[in-house]
Amino acid sequence: MILEQDGFRFDFGTDRAFIFDEKDPISPHFHQAPMKAVDLIVELEDRYYFVELKDYSNPLTWNEILTNRRQTPEEMVNWLKEILKSKFRDTFLYRWAEIVPEKDVFYICLIDTGAFSLGPLTNSLRRELPVGLHDDWKRAIAKNCFVMNPERWNQTFPKWKVEKMLEN
């Protein structure tokens, strides 16, 4: 199964994957609620992967965002974390409302930033989703989450190759 979304092309082979942040009103994955959604969902027998995509690989784009928002790089990472957190939580609520079968959920943020490092983002996002069980919970909201670039994606998921699509 080949999916193209937000400048990335994925080959999920025979595994079930679909665009969740669908813009087409006749799609079965179109959401009318005023909430955010992750870009893709991959469904395996025992788990879901919620996948959010961001492409900031063009240094001009990242610098333009920094300039327009008048923020330091650290503030930008916090701003991005808030976006990623809300996309996960709203998607979780969508799926809960759809009464989707219970499976572990893993959150993958595939972000191409070129040379800009997002190292602290994974740990911060893990704390704030939150990941894992808490004392009075019977199940985790998210089993784990990772922020990675396309190279790391291809190392982590060798059977689900991703490549950047060429711009016209």
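The values are calculated or read from the model by the stated rules, or taken from the named source; none is laboratory data. Quick caveat, the model's predicted, so the values are computed rather than measured. Please note: Cβ atoms are built from the backbone with ideal geometry, for glycine as well, and neighbour counts cover all protein chains shown.
When P158, P120, P150 are screened for being of a type outside the set (S, T, N, Q) and surrounded by 15 or more Cβ atoms within 10 Å (Cβ to Cβ), only P150 passes.
Residue-level analysis places D104 outside the set of residues that are within 21 Å of E82 (Cβ to Cβ), touching a strand residue (DSSP E or B) at 6+ places or on another chain (Cβ under 6 Å) and among the acidic types (D, E). Looking at region 89-110, can you tell me whether even one residue there is under 14 Å from the mean Cα position of the chain (by Cα), at pLDDT 90 or above, surrounded by 11 or more Cβ atoms within 10 Å (Cβ to Cβ) and under 20 Å from N58 (Cα atoms)? Within region 89-110 (the criterion being under 14 Å from the mean Cα position of the chain (by Cα), at pLDDT 90 or above, surrounded by 11 or more Cβ atoms within 10 Å (Cβ to Cβ) and under 20 Å from N58 (Cα atoms)), the answer is yes, since at least one residue qualifies. What's the number of the condition T61 fails, among (1) modelled with pLDDT under 80; (2) in contact with an Asp or Glu (Cβ under 9 Å, 6 or more places away or on another chain); (3) in a loop (DSSP other than H, G, I, E, B)? Failed condition: (3).
Among the residues of region 9-21, are any outside any loop (DSSP other than H, G, I, E, B), modelled with pLDDT under 90 and surrounded by 14 or more Cβ atoms within 10 Å (Cβ to Cβ)? Steps first, answer last, please.
To start, the set of residues in region 9-21 that are outside any loop (DSSP other than H, G, I, E, B) comprises 9-11, 16-19.
Of the ones still in play, those that are also modelled with pLDDT under 90 are none.
No: region 9-21 contains no residue that is outside any loop (DSSP other than H, G, I, E, B), modelled with pLDDT under 90 and surrounded by 14 or more Cβ atoms within 10 Å (Cβ to Cβ).
Based on this model, can you work out whether R126 counts as surrounded by fewer than 12 Cβ atoms within 10 Å (Cβ to Cβ) and either touching a Gly at 6+ places or on another chain (Cβ under 6 Å) or not hydrophobic (A, V, I, L, M, F, W, C) (or both)?
Numbers: surrounded by fewer than 12 Cβ atoms within 10 Å (Cβ to Cβ): no; either touching a Gly at 6+ places or on another chain (Cβ under 6 Å) or not hydrophobic (A, V, I, L, M, F, W, C) (or both): yes.
Answer is no for this residue.
Considering only residues that are acidic (D, E) and either closer than 13 Å to Y94 by Cβ or under 18 Å from the mean Cα position of the chain (by Cα) (or both), look in region 22-58 and name the one that is modelled with the lowest pLDDT. Walk me through how you get there before you give the answer.
If we filter region 22-58 for residues that are acidic (D, E), which is where we start, we get 22, 24, 39, 43, 45-46, 52, 55.
Going one step further and asking which of them are either closer than 13 Å to Y94 by Cβ or under 18 Å from the mean Cα position of the chain (by Cα) (or both), we end up with 22, 39, 43, 52, 55.
On the way: E22: 82, D39: 95, E43: 95, E52: 97, D55: 88.
Ranking the candidates gives E22 first.
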